[in-house]
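One structure is given below, encoded as structure tokens.
The values are calculated or read from the model by the stated rules, or taken from the named source; none is laboratory data. This structure is a prediction, so every number in the text was calculated from the model and none was measured. Using ideal geometry, Cβ is built from the backbone for each residue, glycine included, and neighbour counts are taken over all protein chains shown.
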Amino acid sequence: MKCLGTVSLLVLNVAKLVRGHGYVEEVTIGGVKYPGYNPYLDNHIAKPTPPARLFYPIVENHPVYDPTEGNITCNWTREEEGLPKLTAVARAGSNMTIRWTRWPESHFGPQMTYLAWCGGKKCSEYDVRNPEARFFKISQDGWNSRTRTWLQEDFLKNNSTLTVTLPKNIPNGEYVVRHELLALHAVTNDKYGPEFYPQCWQITITGGTGTTIPAGVPFPGAYQPNDPGIEFRTNRSNIVSYPFPGPPILVN
Ligand SMILES: [Cu+2]
């Protein structure tokens, strides 16, 4: 174990030098802590048996730049590792506490979170990267007009941790959470542009009061590069409000 720890620290430090990006390190649901998919460690212990996770495997901590391509759904995924095997039991109306790797201070922008119903199947047998999957938005936080700061600046004070509340008014069953940070700092830069950091993990909702699945949108398909909240070039001193990309929140 000591040896593994040293290796992962080395790899992480190198990765930090190369690119200061990130991924979800841990999520707490119903008081239980679940590790994220660590692209610098889990991949190496994936053979012959991948570690059982809630999270869709990811290749790197890199962002997705083009919101119209397939990786916008669940990041640069490792399809050869298959779907996650675990699900977290989550009460409708409860909080998920999401801790990212130390988020770079240069990055700012919102978070958006969606759920996709797994069609009455186990999510471990239903890939939400298929074109039929639909995602409904449950949470978003962006520009705080009182403090004049972005969500990604505010959550740095809290160890890169944020909270998303699950809706009460949805049917019980298995869902995939699609949680994403959108970094806007490089939108003026023709070479890079907006940076999307989607992360997907599986939950099983209990105690829900809803009887119908809220209307959802496809990924890719929900975002276009010139959406006002994606091609957002407004100077910080002039921001009045932030037009979130994607649909409104229809359920709570
Ligand atoms: Cu970046």
Some residue of the range 99-106 being more than 15 Å from the ligand (Cβ to nearest atom) and either farther than 21 Å from His21 by Cα or hydroxyl-bearing (Ser, Thr, Tyr) (or both)
no
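Results for (1) surrounded by 17 or more Cβ atoms within 10 Å (Cβ to Cβ); (2) outside any loop (DSSP other than H, G, I, E, B), shown as yes or no for each residue.
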site: Ile205; (1), (2): yes, yes
site: Thr209; (1), (2): no, no
site: Pro220; (1), (2): yes, no
site: Asn226; (1), (2): no, no
site: Glu231; (1), (2): no, no
site: Ser237; (1), (2): no, yes
site: Pro245; (1), (2): yes, no
site: Ile249; (1), (2): yes, no
site: Asn252; (1), (2): no, no
Candidates Gly93, Gly70, filtered to the one that is under 27 Å from Pro131 (Cβ atoms) and touching a residue at least 60 places away in the same chain (Cβ under 8 Å):
Gly70
Which of the following residues is more than 20 Å from the chain's Cα centre (by Cα) and of a type in the set (Ser, Thr, Tyr): Thr165, Thr204, Thr188?
Thr188
Looking at the structure I just gave you, is Glu195 over 13 Å from Thr73 (Cβ atoms), modelled with pLDDT of 95 or more, within 16 Å of the ligand (Cβ to nearest atom) and in contact with a strand residue (DSSP E or B) (Cβ under 9 Å, 6 or more places away or on another chain)?
yes
Looking only at the range 38-89, how many residues end up being among the acidic types (Asp, Glu), loosely packed, with under 14 Cβ neighbours inside 10 Å and either within 16 Å of the ligand (Cβ to nearest atom) or not in a loop (DSSP other than H, G, I, E, B) (or both)?
2
So if I check each of Glu81, Glu25, which one is touching a residue at least 60 places away in the same chain (Cβ under 8 Å) and of a type outside the set (Val, Ile, Thr)?
Glu25
Select from the range 91-110 the residues that are closer than 26 Å to Asp154 by Cα, out of contact with any His (no Cβ under 9 Å at 6 or more places or on another chain) and in a strand (DSSP E or B) and list them in ascending order.
Asn95, Thr97, Arg99, Trp100
